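As structure tokens, the structure follows; a few thoughts come after it.
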Amino acid sequence: MKRLLLLSFALAAALTAAAQRVIENPDIDYVPTWITFTEISLGSDRTVVKAELRNRPNWWVRISSDTDLIDPATGNKYHILGAEGIELGKKTYMPASGKIPCTLLFEAVPASVERLNMVEEGNQPHNNVYGVHLVKQAPKAPAVADDGTDPRTMTAEYYLSLPPSRAEVNIDYRRHRGMEFCKSSKAHVKVHLDNYSPELGVSVVKLTGYDHVSNSETSVLAEIGPDHTYEADIPIDYPQYVFVDFPAASWLLIPGDTLEIFATINSDNTAFRSAGESAMINALNDKLLDRFHTRGYDLYRQMEDSVAAGRTATEAIIDQLTGEYNSVWDGTFAEQYLRDTPLSSFGKELVMVNAGCELLESMEDLYQMYNSKGMVRNTAEDGSIHYTIVPDFEKLDPSRMFNAIRDYQQFIYDNPLTLMSSTTWVIFNRSEYNPVFRSHSRAAYEYTVNKRYGEEPVAATLLESIEHINSENMLKYGIGECFMAEVTRARDHLLRLEDLCKGMNYLDEKEHVDAHMEATMDLLTTITNPYITRKIVEGYIRAKEKIAEKRAAEAGEKDAGTAAKAPATAEEKVLQRIIEPYAGNLLYLDFWGMGCGPCRAGMLAHRDIVEELSGEPVRFLYICEEAASPREAAEKWMAEKSIKGEHIYISSDDWNRLSHLFEFSGIPHAVLIGRDGKVITNGFYLSSADDLRKHLK
């Protein structure tokens with residue numbers, strides 16, 4: 001009897017095992033950061049997914065009751081039935097560990113299914129799970145290097161394990177004034193993507209390099225191959241951090257070098273390999289700066305809290321940051337963080353420049369955050385925004401910061417290595433708006449305007465005006481003429497030349513155009529840096545050629561339509577597909593996004609213009625990337641705000657192609673296309689209906 005009972009139990013267990021298939025730690029093509037699967041059980045009545053939810057402590061995760069498991073081979077859906085450990089549709093806040101185990105119950109998935117996606121209705125693709133394999137995959141063979149090293153292990157920890165270089169730190173910023181590192185060439189990058197799935201909807205990647213002197217960008221597109229890799233050649237003038245939109249990152253590239261990157265999507269687990277030093281710098285920079293000071297979101301929260309607490313707390317944070325900045329250059333940083341690394345002298349110096357730039361940017365942002373309390377933002381019913389001044393509000397004096405770092409200001413502001421800063425354009429953007437360097441761009445502009453209208457200039461020459469500003473800045477801030485001052489003047493002037501070429505609104509005002517062109521010669525008398533001089537001359541020649549070409553076309557001396565037309569590029573085909581339904585109309589293309597405040601403000605400001613031109617052959621095309629601006633939310637906002645026109649949603653790939661075609665990385669960005677389908681202005685500024693009407697004649 002006892003033996004028969006044991007046999008019955010064994011048979012029942014065997015039948016249960018046959019009815020339920022268990023896959024532990026399943027292979028997954030793509031999983032977002034907020035969840036991981038530890039086990040899947042396929043039963044006859046339901047499918048059980050054991051998972052772990054993840055987020056920062058006190059942040060939340062939510063799983064919707066609209067979640068399904070989907071078989072991508074058939075499209076069949078298996079709906080979620082319930083959950084254990086969490087409540088569906090409710091926010092689950094993370095404990096100190098940042099992890100919560102849970103169990104998700106779904107309708108039964110047939111045993112024949114080999115692969116599943118977990119998708120929430122209306123979710124953005126990067127928040128879904130793709131490619132949960134119900135059959136174990138063969139492990140990938142590592143791409144072992146000649147020395148036997150798996151390159152996917154070449155992370156910061158790998159490089160820190162190498163013997164120290166003992167290279168000295170040379171922080172004499174003056175030795176870079178000749179810009180010997182400018183060697184115009186191409187840098188090659190090859191990226192291996194782990195945790196990638198084509199179902200993310202991204203197959204075209206945009207890589208963007210910047211020339212910070214001319215404030216211009218150069219972008220290239222790369223397609224992700226079947227092996228989940230992409231590669232590209234990027235033309236750059238000097239070593240610089242290049243923005244990549246997938247995965248979202250910036251990497252240091254060096255002209256003539258090849259950088260190989262092994263990146264895990266939605267993870268900091270990135271490895272680098274190169275023949276030169278770019279791989280080591282990329283791997284170590286953030287690791288070393290994380291050890292040195294508070295960064296990113298945590299620092300931003302500290303800054304916000306200090307501003308909310310008042311003047312004394314804000315000044316205390318500024319004092320903390322100035323102290324850290326000085327320690328970068330007084331030997332403390334090099335001794336504590338760089339001495340035992342394998343970095344060369346150049347690599348160590350660049351990490352120090354990156355640390356200095358970050359701290360300066362944070363200090364300037366903190367001043368702006370606090371001083372903005374002196375203005376109250378008011379939004380009218382029509383969506384327009386205006387500000388009122390807070391009576392008796394006392395702003396922070398920036399001279400406090402500049403004088404606190406007086407001994408080491410020039411290590412950033414007079415150092416051309418800032419062109420290689422890991423924060424890229426930010427240090428230049430903040431500098432040209434701070435009171436020290438803003439006076440340089442204002443002086444150059446006012447001198448040009450005075451010359452245009454024949455008014456009495458403040459100084460006999462622009463050089464004399466700049467010398468006067470430098471003397472005042474030395475007294476108040478301890479900063480005179482330097483690399484950043486020359487960059488600021490050049491950026492402002494080149495932007496005005498570019499505006500002349502884009503808008504062409506003043507071509508009939510010969511004196512206006514000539515005054516700006518002639519101002520180039522005045523500006524060059526104030527520039528000593530050879531690279532900045534070259535960029536100004538190039539900008540002048542480019543503007544001169546564009547203006548001459550435009551004037552010749554308007555005079556009928558040149559028919560652009562007679563030239564042989566090259567086959568349309570992939571980018572041009574995307575544009576044609578979008579504008580074709582509106583052929584014969586003047587088209588105002590507005591590239592925008594829901595997360596862009598200036599975009600929404602511009603759309604609100606243009607509502608009256610759209611209404612005024614409603615009976616004329618003009619169409620307003622509002623174009624956004626649907627993955628970044630989900631259609632439902634965008635349509636809801638536009639309906640509430642009565643945003644008329646054509647609402648166009650495009651894929652991430654098409655967005656990248658168009659932003660590459662029109663050379664923009666920031667939004668809002670507007671393009672005006674004529675009734676003949678040709679681009680009139682790339683970077684169009686719309687202020688009134690007449691700006692468009694004149695192109696209808």
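Read the figures in this text as sums done on the coordinates, not as results from a lab. Since the model is a prediction, treat every value here as computed from it, not as a measurement. Cβ: placed from backbone, ideal geometry, glycine included. Neighbour counts: every protein chain shown.
Report, for the stretch 568-693, the % of DSSP beta bridges that are antiparallel, rounded to 5. Walk me through the numbers on the way to the answer.
On the way: 8 of 19 bridges.
Percent antiparallel among DSSP bridges in the stretch 568-693 is about 40.
Pull the list of the chain cysteines that no other Cys approaches to under 4.7 Å, Cβ to Cβ.
Within the chain, the cysteines lacking a partner Cβ under 4.7 Å are Cys102, Cys182, Cys357, Cys482, Cys501, Cys624.
List the residues whose amide H sits under 5 Å from the amide H of Asp245, counting only those 5 or more places along or on another chain, with H placed 1.01 Å from N in the peptide plane.
Result for Asp245 returns Lys206.
Show me, for the stretch 355-360, the HN-Hα J-couplings you get by feeding each phi into the Karplus relation (A = 6.51, B = -1.76, C = 1.60, θ = phi - 60°), rounded to Hz, glycine and proline as x.
Using θ = phi - 60°, the values come out as 5, x, 5, 4, 5, 4 Hz.
Scan around Ser216 for amide H atoms under 5 Å from its own, H built in the peptide plane at 1.01 Å from N, and keep only partners 5 or more places away or cross-chain.
It is Asp211, by chain and number.
Please give the helix 483-503 orientation as an angle from the longest Cα principal axis of the chain, in degrees from 0 to 90, rounded to the nearest 10.
Rounded to the nearest ten degrees, it is 90.
In degrees from 0 to 90, rounded to the nearest 10, what is the angle of the helix 652-661 Cα long axis to the longest principal axis of the chain?
Long axis of 652-661 versus the principal axis of the chain: about 20 degrees.
Which entries of Lys641/Lys694; Lys186/Lys206; Lys546/Lys678; Lys206/Lys535; Lys373/Lys641; Lys50/Lys99 have Cα-Cα distances beyond 22 Å here? Could the numbers behind the result be given before it?
Numbers: Lys641/Lys694 28 Å; Lys186/Lys206 16 Å; Lys546/Lys678 16 Å; Lys206/Lys535 25 Å; Lys373/Lys641 28 Å; Lys50/Lys99 13 Å.
Beyond 22 Å: Lys641/Lys694; Lys206/Lys535; Lys373/Lys641.
Only helical DSSP H runs with n ≥ 4 go in: add -39500 (n - 2.57) per run for the chain, normalise by residue count and round the 222 nm mean residue ellipticity to 500 deg cm²/dmol. Please list the in-between numbers first.
On the way: 20 runs with 261 residues, N = 697.
Computed ellipticity for the chain at 222 nm equals -12000 deg cm²/dmol.
Report, in whole Å, the centroid distance computed from the Cα atoms of the stretch 568-643 and the stretch 233-301.
35 Å
Largest first, please: the extent of the C-alpha atoms of the chain along each principal axis, to the nearest Å.
For the chain, the Cα extents along the three principal axes come out at 116, 70, 59 Å.
Looking at the stretch 299-399, what % of the alpha carbon pairs are farther apart than 17 Å? Mind showing how you got there, number by number?
Values: 3104 of 5050 pairs.
So the portion of pairs separated by more than 17 Å is 61 percent.
For helix 311-329, report the angle its Cα long axis makes with the longest principal axis of the Cα atoms of the chain; keep it between 0 and 90° and round to the nearest 10°.
Compared with the principal axis, the helix lies near 90 degrees.
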